[in-house]
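Notes follow once the structure below has been shown.
The values are calculated or read from the model by the stated rules, or taken from the named source; none is laboratory data. It should be emphasised that the depicted structure is a prediction, and the values quoted were computed from it without experimental measurement. Cβ: placed from backbone, ideal geometry, glycine included. Neighbour counts: every protein chain shown.
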Amino acid sequence: MTEQSVKTPRPERVQLFVTCLVDQFRPEVGESVVNVLERLGIEVEFPEGQTCCGQPAFNSGFRNEASDVARHFLDVFVATEGPIIVPSGSCGAMVRNFYGEMFEEDSAAMERVRRVSERIYEFTEFLVNVLGQDDLVSKLGPQLNETATYHQCCHLERELGVDHQPQELLGQVNGLQILPMYRPEVCCGFGGTFAVKFSDVSTAMLDEKLDNAAATGASMIVAGDTGCIMHMAGGLRRRGSDLQVRHIAEILDEATSPANHAPGPGGQA
Amino acid sequence: MAITGRDAFLGRVRGALGRSPGAPEPDNATHIGLEVEDVRSSADGVRREMSESADALLDAIEESAATAGWKVRRVASPEDAADVVAEICSEAGATNVLRSDQDIFASVPVDAALESKGITPGVATVGEAGADIPALKQAAFDSDIGITGVDYAIAETGTVVLHPRKGLSRLVSLAPGRHIAILNKGDVLPSLDELFTLERADYNDGGIEGSMNLISGPSRTGDIAATIVDGIHGPFEVHLVIVG
Amino acid sequence: MLPTTDRFKKGAKETLADPVIQMSMEAVYTGFHTNRQSAAADTEAWDEQRDRGRAIKEHTIENLDYYLEMLTDKIDANGGNVFFAEDSVEATEYILNLARDRDVKTVIKSKSMVSEEMSLAHEMEAVGIEAVETDLGEYIIQLAGEAPYHIIAPAIHKSQDQVAEMFSEVTGTDPGQTPEELTTTARGMLRETFQRADMSVTGVNFAVAESGSIVLVTNEGNGRMCTSIPRVHVAVMGMEKIVPSMQDLGMMLRILIRSATGQKISSYVTMINGPRRDEEEDGPEEFHLVIVDNGRMKLLADPKLREALYCLRCGACLNACPVYRKVGGHSYGWVYPGPIGAVVSPVMSGLKQGKDLPFASSLCGACREVCPVRIDIPNMLLHLRQQVVEGPPEEGSVGRIERLGWKAWRFGNMKSSRFRAGGKMANLLGRPFARKGMFRRLPPPLSGWTRSRDLPITASSPFRDRFKKRKSNSSRGGE
């Protein structure tokens, strides 16, 4: 599965597809995405009609319900222009890889799918592939003084092919020491409704992932998908662990925040 | 011989594929459709490479066979090869030694070398067609060491190729605890792909042997607690003696 | 094998609680999977080879009738026999009749998953034929009376101590033997059996249509024993195991073996072109190939499931699968476990009974990533999930409450105002029960979550509200 192949010149404005989970459970992640993009000189619009991409129903076999909600998504975003940024591998993959599957018999819908799919970028994919890393690097401030370990979310890596951008960006953050975990590519066990329907198995996979993360000694796990983040954070809370789970957008927000910059010549306002 | 139940079965396959009976032949140009001449000229090219690159290929098999688990010895002459074979047998304390009846033994004087160590090798053939198969089977299972030549070796994988036929039984390289294979320079193929090119050419030219064995090291298993152990059903030790 | 595909959840729970199995299953990742990764990295043009392998299988399956016809004509010309079996009962009957006709007392079996579908060894024993599994892993589970746990390593769940104890009960040997000692014991026992076998039954890794050849890939040598000694050799094959020409074999062997164990090649690859010829020194006098459907037609008939027939039975998907590693092979309830099993086991043995299997996956995609022929298993699982939900009751079903739940979900997501209102209401209603913004216990179905994880409450100020505020602040010029 591949990265976005349609080339985009540096845009002035983007559309934010914030995802239902971020909107409702981790709104600060959405705020971080906006902060980072605005600091890079890009205006962010938020099409208000958006709800969900339809993935939960699609993954559960309920394609009728999923396609109705997907049509609504297409209605909202077809009416916009410019790149669509999504801080999630699984939601990005839903639109880019699976909308085609859902609407393959409907040529009118397929046209709309195409027009939206070719504009959609996962957040880190957009930062590196479209804006170029140097842009972000120039905005980075002084030491964060933190340790982190990175979890490779499955859909981001395997469905969208975004397998180096998050690591590259994290590697650039000053004062952030990345401590690799054992088996970073192994699924955390979230899998959407799998986490509820097959709770025993999901929990066993979660325990393995959390043990591996904790063994690094890092103070936080960084990941790119909010479902996985809620699953890991929920498990850590239950264990009474101090280990934090943050979305990569939050780290990049912190790393480029003017509040983090020392005052003085050349300091950002 | 007999084919039973084919028409009904193929009818259901066609139904499942959504095709009407008697559908046109598929485009199999990249598979079988190669003209006989193409295969023959590819095979000629392979044989040329075998002889022109004989030294390099021999170096390559020496390395890959060792990696695959063969105990490898390389010698200059057929006489030296016979001596090495005898050495291996005597060091192993072998009393029953069996060999195939292949051309290699005309040039590599294994019998004489073994006799000088006090070992008389048996020859793994049945004499009159099928007359003594049970005895041959018994001999193979009772033997400590089986010795054969090599039809081809494959550098990519460290493989010895044998085609059981008159003079070369299946069991002589399988039943004894140790197998020694003698390889001549010029019989090494670069990879599996060249082997199958030659096989196809032979097939198109009117026939291949009844079977073919690719042997790439000792018999192995990992079925107990994921621990690799050599010598479950086949030989636990295999030797490749390279001449050249 | 009678399917017990409806006991996935129960089987998973038992296996998760078994520390011996959990430890044994680690070998699947640290051994097989890691070795496969190294082999893939070390092989030139690995991805191109997989593409080519897939192209060969796709071409073959799309023209399966053509190649089956060619294969069987050639086998016939070579002096072999072919029997086409619609199901495992027909296949078993053919083989038992043959055994009776040829006065067979002892049968040696080499690895064959199709024969597991048939429970062939069991059926033979029932009519008084001694049927011995000769693959060491199969031999161990035959002693244990169990189904295979993994496609290529049937006894992977057994610890060294467990195997030693089983052997000890049969042979009286020391119950503390090492793997080396156990192997020597097994070698001795099976060697004696090989010599007196009248008939063998083997599987088929590849059948070559062009020449009527069948190919066996083994490390142990039992495949060679089975095709050298007995008078009668029967090979059992799933109808899909064909490649068009010998030229294809080089590549297929390369991608199969490296994907299975990481080896460049197995210790033995044996190609058989019919029964022995008169001038040969040994070999079976008779060769029979039994070609089996047993539910494969269902996979063939659905274009979205057809690629399941490309499967080479290498086990790489099992080795990469974090679910399989935790729940083990028996949880899947039929012959084929793991990712490929989650597709073929329910389709071949009954989707209604096996309806949990397509859902028993987080869709992580690790299986697709390692498959030598790039089978898109997650896609097939999604397709089967849709069938369970939308299909006729014979193909499984979901509960009424779940159906209503998704209707409600749809309603709530069709308009952003409803979506927002839903979140606000959940926040309002839930707040008295949440501690520091998290729930520790929720009623079903969310109890599945809160059994082991806290769940956050919906935000009182969701992103869309914050964004709106932000925009109105900045347009007012404040910061």
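Among the residues of the stretch B:6-22, write down those that are in contact with an Asp or Glu (Cβ under 8 Å, 6 or more places away or on another chain) and either part of a loop (DSSP other than H, G, I, E, B) or more than 8 Å from chain C (Cβ to nearest Cβ) (or both).
Passing the criteria: only B:Arg19.
Return the residue satisfying two criteria in turn: it lies in the stretch C:385-401 and is at the interface with chain A (Cβ under 8 Å from one of its Cβ atoms) and outside any loop (DSSP other than H, G, I, E, B), and of such residues it is surrounded by the fewest Cβ atoms within 10 Å (Cβ to Cβ).
This residue is C:Glu390.
Return the residues of the stretch A:214-259 that are in contact with a Pro (Cβ under 9 Å, 6 or more places away or on another chain) and in contact (Cβ under 8 Å) with a residue 12 or more places away in the chain; say none if nothing qualifies.
Residues satisfying the conditions are A:Thr216, A:Val222, A:Ala223, A:Gly224, A:Asp225, A:Thr226, A:Met230, A:Ala233, A:His247, A:Ile248, A:Ala249.
For the stretch B:1-22, how many residues meet the condition of being surrounded by 13 or more Cβ atoms within 10 Å (Cβ to Cβ) and either aromatic (Phe, Trp, Tyr) or modelled with pLDDT under 75 (or both)?
Total meeting the criteria: 2.
Taking interchain pairs and intrachain pairs at least six residues apart, which have beta carbon atoms under 8 angstrom, with the first residue in the stretch A:117-144 and closer than 18 Å to A:Gly161 by Cα and the second surrounded by fewer than 15 Cβ atoms within 10 Å (Cβ to Cβ) and hydrophobic (A, V, I, L, M, F, W, C)?
Here the result reads A:Glu118/A:Val6; A:Arg119/A:Val6, each pair linking the stretch A:117-144 to a residue that is surrounded by fewer than 15 Cβ atoms within 10 Å (Cβ to Cβ) and hydrophobic (A, V, I, L, M, F, W, C).
Restricted to the stretch C:160-173, and to residues that are surrounded by fewer than 15 Cβ atoms within 10 Å (Cβ to Cβ) and either under 9 Å from B:Ile224 (Cβ atoms) or at pLDDT 90 or above (or both), which residue is nearest to the other protein chains (Cβ to nearest Cβ)?
C:Asp161
Has the stretch C:305-313 got any residue that is of a type in the set (Lys, Arg), farther than 30 Å from B:His163 by Cα and in contact (Cβ under 8 Å) with a residue 60 or more places away in the chain?
Yes - at least one qualifying residue is present in the stretch C:305-313.
Return the pairs, sorted by first residue and then second, in which the second residue is surrounded by fewer than 20 Cβ atoms within 10 Å (Cβ to Cβ) and among the polar types (S, T, N, Q), the first residue lies in the stretch C:449-471 and is under 23 Å from A:Cys228 (Cα atoms) and without any contact (Cβ under 8 Å) to a residue 60 or more places away in the chain, the beta carbons are less than 9 Å apart, and the residues are 6+ apart or on different chains.
From the stretch C:449-471, the pairs are C:Ile457/C:Asn427; C:Thr458/C:Asn427; C:Ala459/C:Asn427; C:Ser460/C:Asn427; C:Pro462/C:Asn427; C:Arg464/C:Ser416.
For the stretch B:142-184, give me each residue that is facing another protein chain (nearest Cβ under 10 Å), surrounded by 24 or more Cβ atoms within 10 Å (Cβ to Cβ), within 13 Å of B:Gly234 (Cα to Cα) and among the small types (Gly, Ala, Ser).
If the condition is that a residue be facing another protein chain (nearest Cβ under 10 Å), surrounded by 24 or more Cβ atoms within 10 Å (Cβ to Cβ), within 13 Å of B:Gly234 (Cα to Cα) and among the small types (Gly, Ala, Ser), then B:Ser173, B:Ala175 are the ones that fit.
Is it the case that the stretch A:155-177 has a residue that's part of a loop (DSSP other than H, G, I, E, B), of a type outside the set (Asp, Glu), more than 12 Å from every other protein chain (Cβ to nearest Cβ) and under 15 Å from the mean Cα position of the chain (by Cα)?
Yes; the residues of the stretch A:155-177 include at least one that is part of a loop (DSSP other than H, G, I, E, B), of a type outside the set (Asp, Glu), more than 12 Å from every other protein chain (Cβ to nearest Cβ) and under 15 Å from the mean Cα position of the chain (by Cα).
How many residues, within the stretch C:243-276, are without any contact (Cβ under 8 Å) to a residue 12 or more places away in the chain and among the basic types (Lys, Arg)?
1
Can you name the residue in the stretch C:279-298 that is in contact with a Phe, Trp or Tyr (Cβ under 9 Å, 6 or more places away or on another chain) and more than 9 Å from chain B (Cβ to nearest Cβ) and, of all such residues, is farthest from C:Asp198 (Cα to Cα)?
That would be C:Val292.
How many residues does the stretch C:402-415 contain that are buried (at least 19 other Cβ atoms within 10 Å of the Cβ) and out of contact with any Ser or Thr (no Cβ under 9 Å at 6 or more places or on another chain)?
Residues that pass the stated criteria total 2.
Across the stretch B:203-244, what is the total count of residues that are in a loop (DSSP other than H, G, I, E, B), among the hydrophobic types (A, V, I, L, M, F, W, C) and either in contact with a Pro (Cβ under 7 Å, 6 or more places away or on another chain) or under 28 Å from C:Gly212 (Cα atoms) (or both)?
Total meeting the criteria: 3.
C:Val373 - would you say it is more than 9 Å from chain A (Cβ to nearest Cβ) and not in a helix (DSSP H, G or I)?
yes
If you scan the stretch B:120-141, which residues turn out to be within 27 Å of B:Glu87 (Cα to Cα), surrounded by fewer than 20 Cβ atoms within 10 Å (Cβ to Cβ) and more than 7 Å from chain C (Cβ to nearest Cβ)?
If the condition is that a residue be within 27 Å of B:Glu87 (Cα to Cα), surrounded by fewer than 20 Cβ atoms within 10 Å (Cβ to Cβ) and more than 7 Å from chain C (Cβ to nearest Cβ), then B:Thr120, B:Gly122, B:Val123, B:Gln138 are the ones that fit.
Just checking, which of C:Ala308, C:Ala301 is within 14 Å of chain B (Cβ to nearest Cβ) and within 25 Å of B:Ile3 (Cβ to Cβ)?
C:Ala301
Of these, C:Gly176, C:Gly188, which one is loosely packed, with under 15 Cβ neighbours inside 10 Å, more than 10 Å from chain B (Cβ to nearest Cβ) and either at pLDDT 95 or above or farther than 22 Å from C:Ser110 by Cα (or both)?
After applying the criteria, what remains is C:Gly176.
Of (1) within 20 Å of C:Glu69 (Cβ to Cβ); (2) hydroxyl-bearing (Ser, Thr, Tyr); (3) more than 7 Å from every other protein chain (Cβ to nearest Cβ), C:Thr218 satisfies all except one. Which?
C:Thr218 satisfies every listed condition except (1).
Failed condition for B:Val160, given (1) farther than 23 Å from C:Val217 by Cβ; (2) in a strand (DSSP E or B); (3) not charged (D, E, K, R), with all others met?
The single condition B:Val160 does not satisfy is (1).
Which pairs have Cβ atoms under 8 Å, sit 6 or more apart or on different chains, and link a residue in the stretch C:152-169 that is more than 18 Å from C:Thr15 (Cα to Cα) to one that is among the acidic types (Asp, Glu)?
Taking only residues 6 or more apart or on different chains, the pairs are C:Ala164/C:Asp174; C:Ser168/C:Asp174.
Mind checking which helices (runs of 4 or more DSSP H) fall wholly inside the stretch B:70-124 and carry at least 3 residues that are among the charged types (D, E, K, R) and modelled with pLDDT of 95 or more?
The helices (runs of 4 or more DSSP H) meeting that bar are B:78-91.
For the stretch A:19-33, enumerate the residues that are touching a residue at least 12 places away in the same chain (Cβ under 8 Å), touching a helix residue (DSSP H, G or I) at 6+ places or on another chain (Cβ under 7 Å) and of a type outside the set (Gly, Ala, Ser).
A:Thr19, A:Leu21, A:Val22, A:Phe25, A:Arg26, A:Glu28, A:Val29, A:Glu31, A:Val33 - these are the residues of the stretch A:19-33 that are touching a residue at least 12 places away in the same chain (Cβ under 8 Å), touching a helix residue (DSSP H, G or I) at 6+ places or on another chain (Cβ under 7 Å) and of a type outside the set (Gly, Ala, Ser).
More than 24 Å from the chain's Cα centre (by Cα), facing chain B (nearest Cβ under 10 Å), surrounded by fewer than 17 Cβ atoms within 10 Å (Cβ to Cβ) and part of a helix (DSSP H, G or I): is that true of C:Asp73 in this structure?
Judged against the criteria, C:Asp73 is a match.
Go through the stretch C:221-261 and count every residue that is under 18 Å from C:Leu289 (Cα atoms), more than 7 Å from chain B (Cβ to nearest Cβ) and not hydroxyl-bearing (Ser, Thr, Tyr).
16
For the stretch C:435-456, does any single residue satisfy the condition of being modelled with pLDDT under 95, more than 9 Å from every other protein chain (Cβ to nearest Cβ), more than 15 Å from A:Val196 (Cα to Cα) and outside any loop (DSSP other than H, G, I, E, B)?
The answer is yes; a qualifying residue exists.
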